[in-house]
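Here is the structure we will look at.
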Amino acid sequence: MSVASTAIKKIRVICKKCNSDQIVANKRGYSFKNFFLVFLSCICLSLVSGLLVTIFRDFMPLYIGLPAIFIFFGIPIGLISGFVGRGNIVNSCMGCGNKWMPKK
């Protein structure tokens with residue numbers, strides 16, 4: 001087998017949505033989606049714990065501050081969770097704006 005007869009296969013990345021070949025690879029950056037998911041889940045936990053404290057007030061007299069703890073720690077935990085995965089590479093189509101994670 002000679003080198004000239006061996007075909008080098010070029011891998012061309014195209015967008016699955018619009019079949020464009022204008023693809024850009026960037027780092028993901030901060031995720032506001034993760035922040036709001038964690039923050040809103042902490043608010044929901046505080047509402048549920050507040051309801052449980054008011055319903056079972058006689059059984060849990062020391063847990064009055066439980067809803068406040070969830071809200072107090074919800075903001076910093078949410079801010080930190082936005083940084084999770086910020087170094088990942090994301091492919092973006094310049095034609096339609098579609099974003100996807102490249103396969104390894």
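The values are calculated or read from the model by the stated rules, or taken from the named source; none is laboratory data. Quantities reported herein were computed from a predicted structural model and do not represent experimental measurements. Glycine also receives a Cβ, built like all others from the backbone with ideal geometry; neighbour counts cover every protein chain displayed. Just the protein is used for accessible areas: all its heavy atoms, side chains included, with ligands, DNA and RNA removed. Shrake-Rupley method; radii C 1.70, N 1.55, O 1.52, S 1.80 Å.
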Return the residues of the stretch 37-58 that are modelled with pLDDT of 90 or more and over 13 Å from PHE72 (Cβ atoms); say none if nothing qualifies. LEU37, VAL38, LEU40, SER41, CYS44
So which of ILE75, ILE69 is open to solvent by 50 Å² or more (accessible area, probe 1.4 Å), in a helix (DSSP H, G or I), in contact with a helix residue (DSSP H, G or I) (Cβ under 7 Å, 6 or more places away or on another chain) and not small (Gly, Ala, Ser)? ILE75
Can you tell me which condition GLY82 does not meet? The list is (1) modelled with pLDDT of 85 or more; (2) open to solvent by 60 Å² or more (accessible area, probe 1.4 Å), and all the others hold. (2)
Within the stretch 16-36, tally of residues that are open to solvent by less than 90 Å² (accessible area, probe 1.4 Å) and either part of a strand (DSSP E or B) or under 27 Å from PHE83 (Cα atoms) (or both): 10
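Would you confirm whether any residue within the stretch 39-59 is touching a residue at least 40 places away in the same chain (Cβ under 8 Å) and either in contact with a Phe, Trp or Tyr (Cβ under 6 Å, 6 or more places away or on another chain) or open to solvent by less than 50 Å² (accessible area, probe 1.4 Å) (or both)? Before you say what the answer is, go through the steps one by one.
Filtering the stretch 39-59 down to residues touching a residue at least 40 places away in the same chain (Cβ under 8 Å) leaves none.
Within the stretch 39-59, none of the residues are touching a residue at least 40 places away in the same chain (Cβ under 8 Å) and either in contact with a Phe, Trp or Tyr (Cβ under 6 Å, 6 or more places away or on another chain) or open to solvent by less than 50 Å² (accessible area, probe 1.4 Å) (or both).
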